[in-house]
Amino acid sequence: MSGYPKVFRVRQKFARTVVPDVAAAVHAELTRIGVARHVQPGQTVAITAGSRGITNIAVILKATVDFFRAAGAQPFIVAAMGSHGGGTPDGQREILRNYGVTEAFCGCPVRTSMETVVLDRTAEGIPVHFGRDALAADHVVVVGRVKPHTELFGDHQSGLMKMLLIGLGKHEGAKIYHRAFVDHSFDAIVKSVGRRVIEKGRILAGLGIVENAYDETGLIRAVLPHELEAQDKELLALARKWLPRLPFDHADLLLVDEIGKEISGCGMDTNVIGRKRYEHWTEEHEFPKIKKIAIRSLTEQTHGNATGLGKSEYCLTRVVEAMDKRVTYINVATACYPQVAMIPPHYDTDLELLDVALSTIGLTEPPHAKLLWIQNTLHVEEVECGEAFLPLARGRSDLEIITEPRPLVFDSQGMLPRTMAGNAAV
């Protein structure tokens, strides 16, 4: 095939609420809800740390540790990430270490045991698993980011309530809860299990984090246990409002430089690319609508977990070679969602990939294809766009056109720059 679309770069303008001093905000919020008065000197406080790539997470956790130490408590951090890291203590410790969450930085023990205790059973007969390391504490503080989930629907998605189940339930809890999601709605299970955990798990407080469209900390809110369910719902509505978006609602081909678990639970955020319910098409009301998606690499921080690869039609061979099948398959089996680990047709070079992908978008000739090229779904403030989008981009107050259209540039091996950020800007 000959001819590829020329591309121009746009910069998107999103709302940008930012927390100026994250550590100070943590202290202020925990002070506001008065949790220190419920902690006696010498008591232990377990603070959850998940597997998501949350901006400033190490600083947030350290500030939480410092707050409770100042109150006379003995805080420690517990891994709360279901089956991630291969479902092993060492794997989960390594994930936290890559985020800067270490004993040296946070100034407290970091515990990654996978053992659980069954606290109770729900009305549906589901055992309520709870990490033994957290149960040994006098109090538990649930820390997590709130945002729309890549597959889940309803009032509670990724957030504090989910952390009570999938996070503190460890691998055993994650397995049984995901099985329950096959027969029941997530909302029903999260409420049923979450309420039991709040009642019997010594939950002292929640600390919800909402990020803006630039992957920055936009809000930190501390909540008391009786507020946790309602506040989780409220923060989700705000997170949905702040989500980043692609600049256009329709595209023939989306090139994604990288996917990874620290970017999204499904490698790439379906709230950004569409395909939340289905792997390869969008629902009638869902946008954006993208005909084909091609993935170019896995992030280093995903440690070979290629969950989400099955959402794409094509990828580079280096993605498949970087995939750790054991880690990926444990994750998708736990989630009862094997489709997202399926390997699409893969090609050694970007030239080969583009030749095939652009031949499958319909009657549009390749030079006129509506191509979008992004680094990942967390960073879409700048996007390379096919020249066909230029008339649509002009006059948009939320878009700044920062280059003129120019050809895609391949090296001698037929590869584009490793990331779209490396594409010549002039």
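Residues of segment 40-51 being at negative phi and surrounded by fewer than 21 Cβ atoms within 10 Å (Cβ to Cβ), which ones?
Gln40, Pro41, Gln43, Thr44
May I ask you to verify whether Lys170 is crowded, with 21+ Cβ neighbours inside 10 Å, assigned by TED's automatic domain parsing to the domain that holds Gly42 and touching a His at 6+ places or on another chain (Cβ under 7 Å)?
yes
Would you point out the residue of segment 297-321, among those that are of a type in the set (Gly, Ala, Ser) and within 27 Å of Glu172 (Cα to Cα), that is surrounded by the fewest Cβ atoms within 10 Å (Cβ to Cβ)?
So in segment 297-321, the residues of a type in the set (Gly, Ala, Ser) come out as 297, 304, 306, 308, 310, 312.
Remaining after also requiring within 27 Å of Glu172 (Cα to Cα): 304, 306, 308, 310.
Values: Gly304: 17, Ala306: 28, Gly308: 31, Gly310: 20.
Among those that are of a type in the set (Gly, Ala, Ser) and within 27 Å of Glu172 (Cα to Cα), it is Gly304.
Can you go through Glu279, Glu258, Glu284, Glu313 and tell me which one is of a type in the set (Asp, Glu) and under 15 Å from the mean Cα position of the chain (by Cα)?
Details: Glu279 fails: under 15 Å from the mean Cα position of the chain (by Cα); Glu284 fails: under 15 Å from the mean Cα position of the chain (by Cα); Glu313 fails: under 15 Å from the mean Cα position of the chain (by Cα).
Glu258 is the lone residue from the list that is of a type in the set (Asp, Glu) and under 15 Å from the mean Cα position of the chain (by Cα).
If you scan segment 103-122, which residues turn out to be surrounded by fewer than 20 Cβ atoms within 10 Å (Cβ to Cβ) and part of a strand (DSSP E or B)?
Selection gives Val117, Val118, Leu119, Asp120, Arg121.
Applying the selection to segment 5-42, what residues are assigned to a loop (DSSP other than H, G, I, E, B) and within 20 Å of Pro244 (Cβ to Cβ)?
Going through segment 5-42, the residues assigned to a loop (DSSP other than H, G, I, E, B) turn out to be 5-6, 13-21, 33-34, 39-42.
Answer for segment 5-42, where residues must be assigned to a loop (DSSP other than H, G, I, E, B) and within 20 Å of Pro244 (Cβ to Cβ): Lys13, Phe14, Ala15, Arg16, Thr17, Val18, Val19.
If only one of Val65, Val101, Val143, Val45 is within 21 Å of the chain's Cα centre (by Cα), within 17 Å of Leu30 (Cβ to Cβ) and either in the same structural domain as Ala230 (by TED's automatic domain parsing) or of a type in the set (S, T, N, Q) (or both), which one is it?
Val143
Can you name the number of the only condition in (1) assigned to a helix (DSSP H, G or I); (2) on the phi > 0 side of the Ramachandran plot that Gln92 fails?
With (1) assigned to a helix (DSSP H, G or I); (2) on the phi > 0 side of the Ramachandran plot applied to Gln92, the lone miss is (2).
Considering Leu354, Leu378, which residue is surrounded by 16 or more Cβ atoms within 10 Å (Cβ to Cβ) and at pLDDT 95 or above?
None of the others qualify; the one that does is Leu354.
Across segment 356-368, which residue is nearest to Leu253 (Cα to Cα) among those that are out of contact with any Phe, Trp or Tyr (no Cβ under 8 Å at 6 or more places or on another chain) and touching a residue at least 24 places away in the same chain (Cβ under 8 Å)?
Ile361
What is the number of the single condition among (1) hydrophobic (A, V, I, L, M, F, W, C); (2) surrounded by fewer than 24 Cβ atoms within 10 Å (Cβ to Cβ); (3) at pLDDT below 90 that Val190 does not meet?
Result: Val190 fails condition (2) only.
Between residues in segment 382-394 that are under 13 Å from Tyr4 (Cβ atoms) and residues that are charged (D, E, K, R) and assigned to a strand (DSSP E or B), which pairs lie under 7 Å by C-beta distance while being six or more apart or on different chains?
The qualifying pairs are Glu384/Arg9.
Look through Phe76, Phe153, Phe67, Phe130 and report the one residue that is under 20 Å from Pro225 (Cα atoms), at pLDDT below 95 and either surrounded by fewer than 16 Cβ atoms within 10 Å (Cβ to Cβ) or of a type in the set (Phe, Trp, Tyr) (or both).
Going through Phe76, Phe153, Phe67, Phe130 in turn, just one is under 20 Å from Pro225 (Cα atoms), at pLDDT below 95 and either surrounded by fewer than 16 Cβ atoms within 10 Å (Cβ to Cβ) or of a type in the set (Phe, Trp, Tyr) (or both): Phe130.
Might you let me know whether segment 412-420 holds any residue that is more than 22 Å from Val319 (Cβ to Cβ) and surrounded by 20 or more Cβ atoms within 10 Å (Cβ to Cβ)?
Taking every residue of segment 412-420 in turn, none turns out to be more than 22 Å from Val319 (Cβ to Cβ) and surrounded by 20 or more Cβ atoms within 10 Å (Cβ to Cβ).
Search segment 206-231 for residues that are free of Cβ contacts under 8 Å to residues at least 40 places away in the same chain and over 29 Å from Asn376 (Cα atoms) and pair each with any residue that is part of a helix (DSSP H, G or I) and of a type outside the set (Lys, Arg) when their beta-carbon atoms are under 9 Å apart and the residues are at least 6 apart or on different chains.
Pro225/Ile198; Pro225/Glu199; His226/Ile198
So if I check each of Ala137, Ala180, which one is touching a Ser or Thr at 6+ places or on another chain (Cβ under 6 Å) and assigned by TED's automatic domain parsing to the domain that holds Ala49? Even if it seems obvious, please write down each step before you answer.
Details: Ala180 fails: touching a Ser or Thr at 6+ places or on another chain (Cβ under 6 Å).
From the options Ala137, Ala180, the qualifying one is Ala137.
Residue by residue through segment 322-351, note down the ones that are surrounded by 15 or more Cβ atoms within 10 Å (Cβ to Cβ), touching a Lys or Arg at 6+ places or on another chain (Cβ under 9 Å) and charged (D, E, K, R).
Asp350
Tell me which of these Ile293 doesn't satisfy, since it passes every other one: (1) of a type in the set (Val, Ile, Thr); (2) outside any strand (DSSP E or B); (3) under 24 Å from Val332 (Cβ atoms).
Answer for Ile293: the failing condition is (2).
Taking interchain pairs and intrachain pairs at least six residues apart, which have beta carbon atoms under 6 angstrom, with the first residue in segment 251-280 and free of Cβ contacts under 8 Å to residues at least 24 places away in the same chain and the second surrounded by fewer than 23 Cβ atoms within 10 Å (Cβ to Cβ)?
Short answer, once both residue conditions are applied: Gly274/Thr282; Gly274/Glu286; Gly274/Pro288.
Give Gly144, Gly87, Gly53 a once-over and let me know the one that is in contact with a Lys or Arg (Cβ under 9 Å, 6 or more places away or on another chain) and farther than 17 Å from Thr302 by Cβ. It would help to see each step written out before you state the result.
Working: Gly87 fails: farther than 17 Å from Thr302 by Cβ; Gly53 fails: farther than 17 Å from Thr302 by Cβ.
Step by step, each of Gly144, Gly87, Gly53 is checked, and only Gly144 is in contact with a Lys or Arg (Cβ under 9 Å, 6 or more places away or on another chain) and farther than 17 Å from Thr302 by Cβ.
Taking the options Ala237, Ala213, name whichever one is surrounded by fewer than 19 Cβ atoms within 10 Å (Cβ to Cβ) and under 17 Å from the mean Cα position of the chain (by Cα).
Ala237
The values are calculated or read from the model by the stated rules, or taken from the named source; none is laboratory data. Fair warning: this is a prediction, and the values are worked out from it, not measured in the lab. Every residue, glycine among them, receives a Cβ derived from its backbone with ideal geometry; neighbour counts consider all protein chains shown.
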